[in-house]
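Dropping a structure here in structure tokens format, bear with me for questions.
Readers should treat all values here as calculations from the given coordinates under stated rules, not as data from a laboratory. Not measured: the values here are computed from a predicted model. Every residue, glycine as well, gets a Cβ built from its backbone with ideal geometry; the counts of neighbours run over all protein chains shown.
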Amino acid sequence: MSRDAVAPSTPGIDDAMNRVLREEQQARVAVETCRERAKMLLEHAQNRAKLIEYRTDARLLRVQWLADRALQRALQRLTASAPRPGPVPAGARQGDQLARAIERMLDEMVGAEP
């Protein structure tokens with residue numbers, strides 16, 4: 001038998017090789033399908049995260065706006081109710097007045113302590 005002679009083909013071996021090749025092709029397709037699915041899931045998750053971030057930012061801006069408005073109202077009320085410049089009543093210290101003003105502002109902004 002010469003080296004160039006092709007080994008006789010056996011039907012069982014050919015069938016087994018063809019089956020292996022089909023399985024490999026199916027596995028490649030399955031891997032590519034999984035890869036595409038993972039890519040889609042990742043894009044969906046990223047889009048959802050951006051939407052959550054946008055909504056969170058909008059809510060934070062709204063909370064800041066509301067806090068600014070509440071602070072402005074509290075300052076206006078304090079200004080309106082503040083004693084006019086003049087002599088400080090006996091026994092009243094300016095530090096006490098400031099502490100009371102701060103307490104009133106805090107109560108207005110976050111609610112009075114129980």
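Can you compute the modelled spin-label distance between Leu106 and Val63, with each label point 7 Å from Cα toward Cβ, in nm?
Computed distance between label sites Leu106 and Val63 equals 1.9 nm.
Based on the Cβ-Cβ distance of Leu75 and His44, what FRET efficiency does E = 1/(1 + (r/R0)^6) give at R0 = 30 Å, to the nearest 0.05?
0.05
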